[in-house]
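The values are calculated or read from the model by the stated rules, or taken from the named source; none is laboratory data. What you see is a predicted model; the values in this text were computed from it and never measured. Ideal geometry is used to build each Cβ from the backbone, glycine not excepted, and the neighbour counts take in all protein chains shown.
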Amino acid sequence: MKNRRHFLKSSTACIALPFLESLGFRRFASANPTPVTPPKRLAFLGFGWGVTDESWCPDINTPGADYVLPEGLKPLQKHKSDFSVVQGMWNQFSVEGHAGSTWWLSGANKFGQPGQSMHNSISADQVAAEQLGMHTRFASLQLNCSKSAEASGHGPGLSMAWDRNGKPVAGLNDPVQVYHQLFSKDDVPLEEQQSRLAEKRSVLDTVMENAQSLRRGLGQDDTEKLEEYFQSIRDIETRLSKEEQWIGVARPEAPVIEPRKGITGKEEVRLMYDLLIAAFQTDSTRVITYRQPGGHGFLESLGAKVHPHDMSHYHSTRGEKLAASQKRDLTNSTLLAGLLDRLKATKEADGSSLFDNIALAYGSNIRTGHELTNCPTLITGGGAGIKLGENIVVSKDTPLCNSWLTMLHGVGVKVERHGDSTGILKQILV
C-alpha cells in the first residue's frame, strides 16, 4: 500500500510531520492493516526535599497489586492500576542531602574526578536524546521553575539534564518561555537565517583551527582539558546541524493557548504539564525533564507559610511543618493525576493514547530529612513494558540507575549500562 505520510519540504530539509488527525492519519491508520507506529517518549519529573515518608510510601510488607494506597497518593486512586511505586533503590555515591535532582538521573560520584570538588556525568534523558532526538526539532526539552528559589532542594545544575561531559544543560524557566520555544513563528527571512547559520559555522571553524594549534607541547592535564573543550565544540556543531535541518520548517500550530506571564506555584506546574503534553503531541521532542518547583512560591500557593527546607525536617518538629509536607504531597499527586488524565485522553494515529507510548518517572534523589536511601520513585506509562499497578519492593541498595537503564531499553535506547547500574531491573518488567 502506498505510504501516505505527509512531509514539509524546505531548501535544506524534508521533515515528516507529526501524526495529525486533521491530515488523515487516523483514517489512514484505521484503514491500514499495518498502521504507522507512534514514537516512544520518555519523561522524568523531579522534585526537591523528598516526600512525607509516613504518608507517601506504601507499606513495604505488602508488595504486589493488593497494597493499600497511602494518604499522600490518594489523589491517584483512579489511576492505581496505571503506575507502580518502586522502593529500595538509591544512588550509592550520593553524599549531598540538599540535591534532589543533581545526580538523580546520572548516578554519578560527586568526587569521581580527582582535583574536582563537584563531578557529574550524563543524565538518562540525554542518553535517550542522542537517539530519540534525531528526528525531532528539539532533541530534548528541559523544563524548570520560574525562579531559582523555587528550585530549592534540587541542588546544583541548570535543569535536571547533564551532557556527556557532565556539564549542566540549560532549561526553560517558565511556561511562557516554553510556549514560545515550541510554537512561536520565526519571522526572519529564510536567507537571513541561512546567513546567520553560515556566520556561526565560520566562527566555529576559526575557533577550532586556533584550538588545534594549541595541541603541540601540552601536558597530560592540559590535553585532557583541551579534549573536553573539543567535545564542547562538537556539541555546538551538533546543535548547528539540528538548526540547519529545521531551517525554513515552520513550527506547529499550538494546541494550547499562550500562558499569561507571572504564573507561579501549583498553577505553574499545571501549565508545564499542559505544555509537556503539547510538545509530545506535536512531536516537537520525545524526551522531556521537568525540575518542578518546591520553594516559597509553591508552598504559598498551597497556603503554607513554613520554610521549604525546614518543612523537609518536619520529623524533628512536626506540627505545621508536617502538615505542610503532607499538603505538598497531596497537591503534587493531584497535579500528577491530572497529567495522567491528559496523557490518556490524547489520542495517537493508530487509536492508542499518548499514555500507551510514554515511559514516565516521578521522584527524587532524596527523601524526608535529606535521607539518600530508598529514593521516592513512581513509574507510569505503557511505553516501556514496565509493570504497572504494584508496590514493587526491590533488594536494599539496588542502584536507581538500574531502573533508568530498564526504561531506556524499554523505549528502544539500547545502551550497555548507565551510571552505576549493574543491569536491568527485572522486577519492574511485565
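Figures for the structure shown
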read-out	value
Within the stretch 248-264, tally of residues that are in contact with a Phe, Trp or Tyr (Cβ under 8 Å, 6 or more places away or on another chain) and among the small types (Gly, Ala, Ser)	1
Pairs where the first residue, in the stretch 339-352, is surrounded by fewer than 22 Cβ atoms within 10 Å (Cβ to Cβ) and the second is of a type in the set (D, E, K, R), C-beta under 7 Å, 6+ apart	340/82
Residue identified as surrounded by fewer than 24 Cβ atoms within 10 Å (Cβ to Cβ) and touching a Leu at 6+ places or on another chain (Cβ under 6 Å) among 249, 269	249
Residue list for the stretch 38-76, filter: touching a residue at least 40 places away in the same chain (Cβ under 8 Å), surrounded by fewer than 15 Cβ atoms within 10 Å (Cβ to Cβ) and not in a strand (DSSP E or B)	59, 60, 62, 65
Any hit, the stretch 177-195, residues being modelled with pLDDT under 75 and hydrophobic (A, V, I, L, M, F, W, C)	yes
Test: residue in the stretch 75-98 that is of a type outside the set (D, E, K, R), closer than 22 Å to residue 278 by Cβ and either touching a Pro at 6+ places or on another chain (Cβ under 6 Å) or modelled with pLDDT under 95 (or both)	no
Counted residues, the stretch 89-101 - those being touching a strand residue (DSSP E or B) at 6+ places or on another chain (Cβ under 8 Å) and either crowded, with 22+ Cβ neighbours inside 10 Å or closer than 26 Å to residue 293 by Cβ (or both)	6
Residue ID - nearest to residue 368 (Cα to Cα), chosen from residues in the stretch 139-157 that are hydrophobic (A, V, I, L, M, F, W, C) and modelled with pLDDT under 95	151
Members of the stretch 396-429 found to be at pLDDT below 95 and either farther than 14 Å from residue 40 by Cα or crowded, with 19+ Cβ neighbours inside 10 Å (or both), listed by number	396, 397
Hits in the stretch 292-345 - residues which are under 25 Å from residue 379 (Cα atoms), of a type in the set (Lys, Arg) and touching a helix residue (DSSP H, G or I) at 6+ places or on another chain (Cβ under 6 Å)	342, 344
Candidate set: the stretch 123-180, residues that are polar (S, T, N, Q), touching a residue at least 40 places away in the same chain (Cβ under 8 Å) and in a helix (DSSP H, G or I); chosen: the one surrounded by the most Cβ atoms within 10 Å (Cβ to Cβ)	126
The one condition in (1) among the hydrophobic types (A, V, I, L, M, F, W, C); (2) free of Cβ contacts under 8 Å to residues at least 12 places away in the same chain; (3) buried (at least 19 other Cβ atoms within 10 Å of the Cβ) that residue 287 fails to fulfil	(2)
Options 106, 101; residue that is polar (S, T, N, Q), in contact with a His (Cβ under 6 Å, 6 or more places away or on another chain), at negative phi and touching a residue at least 40 places away in the same chain (Cβ under 8 Å)	101
In the stretch 351-409, the residues that are in a loop (DSSP other than H, G, I, E, B), more than 30 Å from residue 318 (Cα to Cα) and within 16 Å of the chain's Cα centre (by Cα)	381, 383, 384
Residue 229 being modelled with pLDDT of 85 or more and of a type in the set (Phe, Trp, Tyr)	no
